[in-house]
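Some notes on the structure that comes next.
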C-alpha cells in the first residue's frame, strides 16, 4: 500500500518533470529548428524569376510524393559557390575578428562597472541596475544614429577635443572600423555587465577578507579569488556579446565605412541586391555552424572539467 | 423594362457601395518623403476611401516584399528598371485602363521611355522621374581645388581631381545600377551595356574612387550635404534639391547645387503599379486615377521637387519648379540622358561582385 502511493507520486513527478522540460524544447523546435529547416531548404534550391524567387518549391498538394519530388532537385551547389569566391571566407573571418575584439573591449569596460555595482552599498544597487537597463527604453536604432552626431568630423567629440586644444585636425572616426567597435561596445555593454554583476554580487565578501588576512595583497586577491569566481559571468557575458556581434548588420551599416567587411552586410547584398535567396540562405547556415559548433564543443569541455573536479 | 433594369442595377451598385462605404481602404507603399500628405487627405475626402500610407527607402526592400508575395499593399512605387523584372516574375496586375480615364494626361516623352520597361505601359503609370547627378557645395570645393570641372564626370573619375575634392568630403550612391552605367558612359560605351569585359573595365574605373570616397550610401548624403559635412555627392536629383532647401531653411551658410554632368547621366522613372495579389483592386485604380489629375500631380511636384509624368500638370506648377533646369532639364540635357534596363541574374551577380570590389577593395 505504502509502496503504491510512493510509485504513484513518483510517476506524477516524472510526468511533471517531462512537461517542464517539454516547454523549452517546444520553444526551440518552433522558433529555432523550424526556421532553420526552412532556411536550409532554401539554401538547396536555385534562383528563378518568380514568386518566391527560387525553385523547387515543395508541392504540398501531392503529399509525401511532392516532397520527395522536390528533394530530388535539391543540390549543394550554393555551398560549393561559397568556397569559390574568397569574399565569403574573408567576410566570415573579418566578422569573427571584429566580434572578438569588440567582446574583449566590452569585457574590459564592463568588468569594472559590474564590480563597482556589486561592491556598492546594497541600497544603491537597484538604482545602478536600473541605470544599466535605462538605455533600452529608447530605440536601438536611434541610439546608434546618435553616435553619428558624436563621431562625425564636425561632431561633438571633435569639437570638444579641438576646443580643449588636444587636437588641431578633426579625428576621422565615423565610417571606419573604430566607429563599429564603439557602436558594438556601447550597444552590447548591458549584456556584458548584467551577467558579470549577478555573478560578482553572489560572491562571498569574506573570501577576500580571508585572503587579505592571510597576507595576500589586494591586487593578487582580485586575480586569484574574484576573477576565478566570476568566470561563469565572464563566459555568459562574452557569449551574449560575441554571438550577436558576429552577425551584426545595423551597426556596420550605419557607423562603418566602405572597407568594413562583415558577414551581415554580405548576407544583405546576396539577399537584397542579387535577389539570390538560396546563396543568402547558405551564407546564413554556414554562419550558424561557425557559431554553434565551437560553442557546443566548448560546453562539452566545460562539463568534462566540472565532472573531473 | 429598361428603367426597371437600370433601377435594379443602380440599387445593386448602391448596396455594394454602401457595404463598402463603411470600410473602403487602399494600402499605399511609397518612397519616404515622396508625397504631399495633403493629397492623401484630399483623396479620402473626394472618394471616401481611406489611405493607409507606408514608406520604404530602397528598391531592394520593396522588391523583396513583392517577391515574397502577400505584401498586402494595393499600390507600390518601384523604379522602372527594377519593375521590369518584377513584371517578368508576375508580381503585378495588368491595369484596367477603363478605370483610369486620367491616363490621357500622361506625357508622351515619358511614356515612350517607360515603354522600354513596361511594354505598352500595361502595368504601370509614371509618378515621378528624375536624373542622377552631382550635389555640390561649390564654395567648399573652391577652397580645396582651383578650376574644378564641376559639370563633368572628370571631377569624379579622374583620381587627381577626386583626391583634391576628397579633402572636403565625398559621398557616392551605394547603387551599382546607377554607378556602372555612369562609368560605362564615361568610358564611351553604351550605358546599358551588359558586356562582362566592359563592365570589368567600368569596375576598374570605379575602384579608383574608393580611397577618396568617405562613404558609399544612398540616403545619408541628403543630411550630409545640407549640414555642410561633405562638398560632393553623387545622388538623385530630388534628394539633392531637398538638401538644397534644408540648407537654405537652416540658414547655416551652406549652399547646395545640383548639376547634371555634361557627358550625360541617368534618367530614371518611379512607376506606380498594383500587385497582382492586391486586396483592393478598385480602390487602387481609384488612387492611380486620382494621382494622374494634373492639379494633383502638380501639387506633388511642387512639394517634393521632382518632375512628374503628367504634361498637363505644368500649368499648375510653381515657377520655381517648372523653370528649374535641375527639375525639368532643357531639351539639350534631356537628349544627353540615358536609360538602362535590368541586369539578367548572371550579369547582376557579376555587377554586384564588382561593386563589392569597388566599395571594399575585396
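Here are the numbers for the structure shown:
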item	result
Top-ranked residue in the range A:53-73 [being in a loop (DSSP other than H, G, I, E, B) and out of contact with any helix residue (DSSP H, G or I) (no Cβ under 9 Å at 6 or more places or on another chain); ranked as surrounded by the most Cβ atoms within 10 Å (Cβ to Cβ)]	A:73
Every residue from the range B:60-72 that is surrounded by fewer than 23 Cβ atoms within 10 Å (Cβ to Cβ), under 21 Å from residue B:34 (Cβ atoms) and within 9 Å of another protein chain (Cβ to nearest Cβ)	B:60, B:61, B:64
The listed residue being away from chain B (no Cβ under 14 Å) and farther than 30 Å from residue B:209 by Cβ, out of A:251, A:293	A:293
Boolean, residue A:92 is within 14 Å of chain B (Cβ to nearest Cβ) and assigned to a helix (DSSP H, G or I)	yes
Residue check for residue B:40: part of a helix (DSSP H, G or I), within 13 Å of chain A (Cβ to nearest Cβ) and without any contact (Cβ under 8 Å) to a residue 40 or more places away in the chain	no
Lone qualifier among A:298, A:272 - being surrounded by fewer than 22 Cβ atoms within 10 Å (Cβ to Cβ), out of contact with any strand residue (DSSP E or B) (no Cβ under 8 Å at 6 or more places or on another chain), at the interface with another protein chain (Cβ under 8 Å from one of its Cβ atoms) and assigned to a helix (DSSP H, G or I)	A:272
Residues located in the range B:88-124, provided they are within 30 Å of residue A:57 (Cα to Cα), buried (at least 17 other Cβ atoms within 10 Å of the Cβ) and free of Cβ contacts under 8 Å to residues at least 40 places away in the same chain	B:89
Wholly within the range A:201-260, helices (runs of 4 or more DSSP H) carrying at least 1 residues that are crowded, with 16+ Cβ neighbours inside 10 Å and without any contact (Cβ under 8 Å) to a residue 40 or more places away in the chain	A:206-213, A:218-221, A:250-255
Helices (runs of 4 or more DSSP H) contained in the range B:282-362 and holding at least 3 residues more than 14 Å from chain A (Cβ to nearest Cβ)	B:294-304, B:319-322, B:331-336
Unique residue being part of a helix (DSSP H, G or I), buried (at least 21 other Cβ atoms within 10 Å of the Cβ) and within 14 Å of chain A (Cβ to nearest Cβ) when the list is B:206, B:184, B:156	B:206
Residue within the range B:187-203 that is over 20 Å from residue B:267 (Cα atoms) and crowded, with 20+ Cβ neighbours inside 10 Å present	yes
Verdict on residue B:249 being surrounded by fewer than 20 Cβ atoms within 10 Å (Cβ to Cβ), at pLDDT 95 or above, assigned to a helix (DSSP H, G or I) and more than 20 Å from the chain's Cα centre (by Cα)	no
Residues of the range B:43-70 classified as over 18 Å from residue B:285 (Cβ atoms) and part of a helix (DSSP H, G or I), total	11
Evaluation of residue B:75 against (1) within 9 Å of chain A (Cβ to nearest Cβ); (2) touching a strand residue (DSSP E or B) at 6+ places or on another chain (Cβ under 9 Å) (one fails), failing number	(1)
The range B:213-222 - residue that is more than 7 Å from chain A (Cβ to nearest Cβ) and more than 16 Å from residue B:140 (Cα to Cα) and, of those, modelled with the highest pLDDT	B:222
Residue that is free of Cβ contacts under 8 Å to residues at least 60 places away in the same chain and touching a helix residue (DSSP H, G or I) at 6+ places or on another chain (Cβ under 6 Å), where the choices are B:164, B:140, B:158	B:164
Condition met for residue B:270 (away from chain A (no Cβ under 14 Å), more than 24 Å from residue B:238 (Cα to Cα) and either touching a strand residue (DSSP E or B) at 6+ places or on another chain (Cβ under 7 Å) or part of a helix (DSSP H, G or I) (or both))	no
Hits in the range A:111-132 (condition: part of a helix (DSSP H, G or I) and either over 22 Å from the mean Cα position of the chain (by Cα) or free of Cβ contacts under 8 Å to residues at least 60 places away in the same chain (or both))	A:112, A:115, A:116, A:117, A:118, A:119, A:125, A:126, A:127, A:128, A:130, A:131
Members of the range A:131-173 found to be surrounded by 20 or more Cβ atoms within 10 Å (Cβ to Cβ) and modelled with pLDDT under 90, listed by number	A:152
From B:47, B:17, residue being out of contact with any strand residue (DSSP E or B) (no Cβ under 7 Å at 6 or more places or on another chain), at pLDDT 90 or above and either under 29 Å from residue B:345 (Cβ atoms) or away from chain A (no Cβ under 14 Å) (or both)	B:47
Residue among A:244, A:217, A:232 that is under 30 Å from residue B:223 (Cβ atoms), away from every other protein chain (no Cβ under 14 Å) and at pLDDT below 95	A:244
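Yes/no per residue for (1) under 28 Å from residue B:214 (Cα atoms); (2) assigned to a helix (DSSP H, G or I):
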{"residue": "B:85", "(1), (2)": "no, yes"}
{"residue": "B:98", "(1), (2)": "no, yes"}
{"residue": "B:116", "(1), (2)": "no, no"}
{"residue": "B:120", "(1), (2)": "no, yes"}
{"residue": "B:125", "(1), (2)": "no, no"}
{"residue": "B:128", "(1), (2)": "no, no"}
{"residue": "B:133", "(1), (2)": "yes, no"}
{"residue": "B:147", "(1), (2)": "yes, no"}
{"residue": "B:161", "(1), (2)": "yes, yes"}
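For (1) more than 14 Å from chain B (Cβ to nearest Cβ); (2) without any contact (Cβ under 8 Å) to a residue 60 or more places away in the chain; (3) within 28 Å of residue A:247 (Cα to Cα), each residue gets a yes or a no:
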{"site": "A:99", "(1), (2), (3)": "yes, no, yes"}
{"site": "A:104", "(1), (2), (3)": "yes, yes, yes"}
{"site": "A:109", "(1), (2), (3)": "yes, no, yes"}
{"site": "A:134", "(1), (2), (3)": "yes, yes, yes"}
{"site": "A:160", "(1), (2), (3)": "yes, yes, no"}
{"site": "A:169", "(1), (2), (3)": "no, yes, no"}
{"site": "A:184", "(1), (2), (3)": "yes, no, yes"}
{"site": "A:194", "(1), (2), (3)": "yes, no, yes"}
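The values are calculated or read from the model by the stated rules, or taken from the named source; none is laboratory data. Here the structure is a predicted model, which means the values were calculated and not measured. Neighbour counts are summed over all protein chains in view; Cβ atoms, including those assigned to glycine, are modelled from backbone coordinates with ideal geometry.
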